[in-house]
1. Take the residues in the stretch A:8-49 that are assigned to a strand (DSSP E or B) and facing chain B (nearest Cβ under 8 Å), then tell me which one is surrounded by the fewest Cβ atoms within 10 Å (Cβ to Cβ).
2. Considering the stretch B:57-71 alone, what residues qualify as being crowded, with 18+ Cβ neighbours inside 10 Å and in contact with a helix residue (DSSP H, G or I) (Cβ under 8 Å, 6 or more places away or on another chain)?
3. For residue A:88, work out the one condition from (1) within 22 Å of residue A:142 (Cβ to Cβ); (2) modelled with pLDDT of 90 or more; (3) within 13 Å of chain B (Cβ to nearest Cβ) it doesn't fulfil.
4. What are the residues in the stretch B:132-148 that are out of contact with any strand residue (DSSP E or B) (no Cβ under 6 Å at 6 or more places or on another chain) and either surrounded by 17 or more Cβ atoms within 10 Å (Cβ to Cβ) or more than 11 Å from every other protein chain (Cβ to nearest Cβ) (or both), if any?
5. Kindly provide the set of residues from the stretch B:42-53 that are part of a strand (DSSP E or B) and either out of contact with any strand residue (DSSP E or B) (no Cβ under 6 Å at 6 or more places or on another chain) or surrounded by fewer than 12 Cβ atoms within 10 Å (Cβ to Cβ) (or both), ordered by number.
6. Kindly indicate the residue of the stretch A:50-63 that is part of a loop (DSSP other than H, G, I, E, B) and either over 19 Å from the mean Cα position of the chain (by Cα) or at the interface with chain B (Cβ under 9 Å from one of its Cβ atoms) (or both) and also surrounded by the most Cβ atoms within 10 Å (Cβ to Cβ) among those meeting that condition.
7. Residues being more than 17 Å from residue B:118 (Cβ to Cβ) and without any contact (Cβ under 8 Å) to a residue 24 or more places away in the chain: count how many of those fall in the stretch A:34-63.
8. Within the stretch B:149-165, how many residues are more than 14 Å from chain A (Cβ to nearest Cβ) and closer than 18 Å to residue A:44 by Cβ?
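The values are calculated or read from the model by the stated rules, or taken from the named source; none is laboratory data. The shown structure was predicted, so the numbers you read here are calculated from the model rather than taken from an experiment. Quick reminder, even Gly has a Cβ in these numbers, built from the backbone with ideal geometry, and neighbours come from all protein chains shown.
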């Protein structure tokens, strides 16, 4: 059987974090919102800063920059509201980013074993390799259960 | 027919259910607890005479037991439970249907809530045991504590063993405080 790799152009939201750029699939991005009131309460989950209220929903804020860059994002913070798939369904999560986000169309190549687990793939944009982030592996919370091998979708690879 | 009294066929809406909660503080944080989960609220001063010190407690957040009628309660310091800096509590909540009493700093007021949102799944630590969920009170997000979450069954068993092993002592009169 011939393996083929099918690369299709998709939409991504490009984020700027501490001088680096990362991408998220545009399908999971709901909106970019201005900094608002953040509510905090005691908890023990790492990298969660608190919650904000958006359209009547209580949305947790995940400081993913700390994991990606090793430092908290302090300046020009906006919140990118994204849909994160958990074991019990999809919920919104707020990601602090700088205000400079852009929508691009690019072809994503799947990440190999050399990349960190939170990298779903990579794309080339303006001469730069940009990592596409896998929110489920980057943010805390239970992972969606993976399908058994027999039920998973086979991947076609076109040369 | 008076339009004001006319019912719409198929309109089975029930009046919105509400729950009375007590808003209390521990350090700088505000929490809510269901009012009907509390049997009694005492000042720490009034409880001191009924308190015994647990000398060898292996559950750091519990250092005392308190007597109420024939029942004995394990007194939990809410600040330690919630991993907050030590505070100076002034009140004790004696919880219903448990053997737990909780030391809190102060009561802010009572409130009525009509919606309890599940804790977002991103919160995956001990807080899942601590809270029943989150609610909005005056445009502020407040965690609603789970009264059963202050001590696990395992912690209660450990404390029971300590008590059975004679690790309780009456507080000396000069130190009759559980704070």
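1. Top of the filtered list is A:39.
2. The answer is B:57, B:59, B:61, B:62, B:65, B:66.
3. That leaves (2) as the condition not met.
4. B:136, B:138, B:148
5. Once the filter is applied, which keeps residues that are part of a strand (DSSP E or B) and either out of contact with any strand residue (DSSP E or B) (no Cβ under 6 Å at 6 or more places or on another chain) or surrounded by fewer than 12 Cβ atoms within 10 Å (Cβ to Cβ) (or both), the stretch B:42-53 yields only B:43.
6. So the residue we want is A:55.
7. Residues that pass the stated criteria total 5.
8. Number of matching residues: 4.
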